[in-house]
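The next block holds one structure in the form of structure tokens; read it before the comments.
The values are calculated or read from the model by the stated rules, or taken from the named source; none is laboratory data. Computed from a predicted structure; not experimentally measured. No Cβ is skipped: glycine too gets one built from the backbone with ideal geometry, and neighbour counts run over all protein chains shown.
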Amino acid sequence: MFAMMVDGAILTLVGIANWILLALLFYVLETNRSPETLHLAIWVTIIWIYMTVIKRSWLRTIGYRLAGLRIVDTRGSRPSLTRMTLRMLMWIFGPFNFILDLIWLGADSEQQSLRDCYCSTYVVLATAQPEGTAPVHLTRYFAAGMAPSYPRVVRPRKVS
């Protein structure tokens with residue numbers, strides 16, 4: 001949550017700064033047009049770059065750096081841009097929301113959010129190392145008359 005709040009604050013400040021710069025530019029150019037459309041296009045592009053390209057890179061977002069986190073796929077490597085874009089779009093448009101994700105995190109054995117489950121990504125500590133290999137199975141959950149399924153790494157059972 002800390003990383004999410006930091007990144008949200010940064011993106012909000014970038015959006016405000018973008019709006020101020022564009023408003024000043026349009027004022028200086030003495031144009032009758034409003035910078036709203038250009039502002040939205042630039043801001044959405046910045047958000048996409050920050051939440052996909054930078055978040056998956058070795059740089060990571062500022063929130064992820066401060067929290068000591070990184071994002072990986074089921075193989076422990078960097079997720080693809082497509083996967084990260086889908087993850088971001090699921091956060092913005094649903095079908096899951098913040099409250100449902102918090103409830104799910106408390107009940108999930110791997111402590112993955114629902115969007116991470118469906119995008120096959122894991123948010124781990126930046127210093128985390130893979131434990132080994134394990135098979136990936138299709139996991140199904142039955143809730144509210146639905147049976148959503150997604151791929152999940154199955155941890156090997158410990159033999160005593």
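Checking each residue in segment 55-72 for being surrounded by 15 or more Cβ atoms within 10 Å (Cβ to Cβ) and either hydroxyl-bearing (Ser, Thr, Tyr) or touching a Ser or Thr at 6+ places or on another chain (Cβ under 6 Å) (or both) picks out 55, 61, 64, 71. Is there a residue in segment 132-155 that is assigned to a loop (DSSP other than H, G, I, E, B), basic (Lys, Arg) and either closer than 27 Å to residue 14 by Cβ or modelled with pLDDT under 85 (or both)? Taking every residue of segment 132-155 in turn, at least one turns out to be assigned to a loop (DSSP other than H, G, I, E, B), basic (Lys, Arg) and either closer than 27 Å to residue 14 by Cβ or modelled with pLDDT under 85 (or both).
Within this structure, residue 36 fails the test of being free of Cβ contacts under 8 Å to residues at least 12 places away in the same chain, at positive phi and exposed (fewer than 15 other Cβ atoms within 10 Å of the Cβ). As a summary of the residue check, residue 8 satisfies the conditions (1) touching a helix residue (DSSP H, G or I) at 6+ places or on another chain (Cβ under 7 Å); (2) surrounded by fewer than 14 Cβ atoms within 10 Å (Cβ to Cβ); (3) among the small types (Gly, Ala, Ser) except for the one numbered (1). Within this structure, residue 70 passes the test of being closer than 28 Å to residue 135 by Cβ and not in a loop (DSSP other than H, G, I, E, B).
Of the listed requirements (1) of a type outside the set (Val, Ile, Thr); (2) in contact with a Lys or Arg (Cβ under 7 Å, 6 or more places away or on another chain); (3) at pLDDT below 85; (4) in a loop (DSSP other than H, G, I, E, B), residue 60 misses just one: (3).
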